[in-house]
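What follows is calculated from the coordinates using simple rules that are stated; it is not laboratory data. If you're wondering where the values come from, they're calculated on a predicted model, not measured in any experiment. For neighbour counting, all protein chains shown are included, and Cβ atoms are generated from backbone atoms with ideal geometry for every residue, glycine included.
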Amino acid sequence: MGGALDELKTELIAAASDRLVSLTLYGSVVRPEHDERTSDIELLVVLDRADATTLRAIAPALRRAWRRARVAPYIVTASELPRLADVFPTKLLDLARHRLVLHGDDVIAGVEVRREHVRLRIEQELRNHLVRLRARLIRVDGDAEATVAVLRAVSRGARLDVVALARLADRDDGVDDLATACAALGLDTATARDLADVGAAKPFRGDVDDLAARTLRLLEQVVAIVDQSTGGEV
């Protein structure tokens, strides 16, 4: 992985020149649960402008990095970052906590994330996870393998929001994954651990339908906690 990232950094610096502001790793690759078999390498690419000419210049290097090491770029301009904090606050909070700057400025350090935006985004995302889970479980029609795939997607998607909810509630001691976040919120940690294992592509030996039912209940409980919040306080 290191070789692919070093090569990508060199190629992007050459291709983008002074248009490249920074490169920052984030997501699972800078957390303990990263699995090279199943996880993308998430890379924040910050440019001073992202016009068609600049994108064409950096595209070959990014395509090669995806094929070689599953490097998934998140391309933004420096001027966009404050607005991204308004509409994607949980992502920016996670970036602020877990990141590794590979090149250029640490642009995340100066970004302010407002508490009320975090609460609203958490509610939007968690309700979306819950509604989509119900529909997907109907479509899989009891197929165990397909159900595991659905639960894996929920686990990976909901982790960010449940962790953000625990932090918003000022329960930040050791909160860094789905299980510790649920424990901090007084929720079902056994289900959270099983769901996290499924999300990390670990073998699940239990009853898949039972885990799906428990996951539905867990998401309903998390949404209820958000519902109880007012004015950005949980």
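Observations, loosely collected:
- Fewest-first ranking of Arg56, Arg159, using other Cβ atoms within 10 Å as the exposure measure: Arg56, Arg159
- Footprinting exposure proxy ranking of Asp51, Asp86, fewest other C-beta atoms within 10 angstrom first, gives Asp51, Asp86.
- Contour minus Cα-Cα distance for Glu11 and Arg132 (0.36 nm per residue): 39.6 nm
- Its relative contact order, with pairs defined as Cα atoms under 8 Å and 6+ residues apart, puts the chain at 18 percent.
- Phi-based couplings in Hz for the stretch 54-63 (Karplus 6.51, -1.76, 1.60; Gly and Pro marked x): 5, 5, 4, 5, 8, 4, x, 5, 5, 5
- Arranged from fewest to most other beta-carbon atoms within 10 Å of their beta carbon, Glu7, Glu116 become Glu116, Glu7.
- Angle of helix 208-227 to the longest C-alpha principal axis of the chain, folded into 0 to 90 degrees and rounded to 10: 80°.
- Computing FRET efficiency as 1/(1 + (r/R0)^6) for Lys202 and Ala224, where r is the C-beta to C-beta distance and R0 is 25 Å, gives about 0.30.
- Helix-derived mean residue ellipticity, 222 nm - over the chain, DSSP H n ≥ 4, -39500 (n - 2.57), to 500: -19500 deg cm²/dmol
- Distance in nm between pseudo-label sites at Ala146 and Ala109 (7 Å out along the Cβ direction from Cα): 5.0
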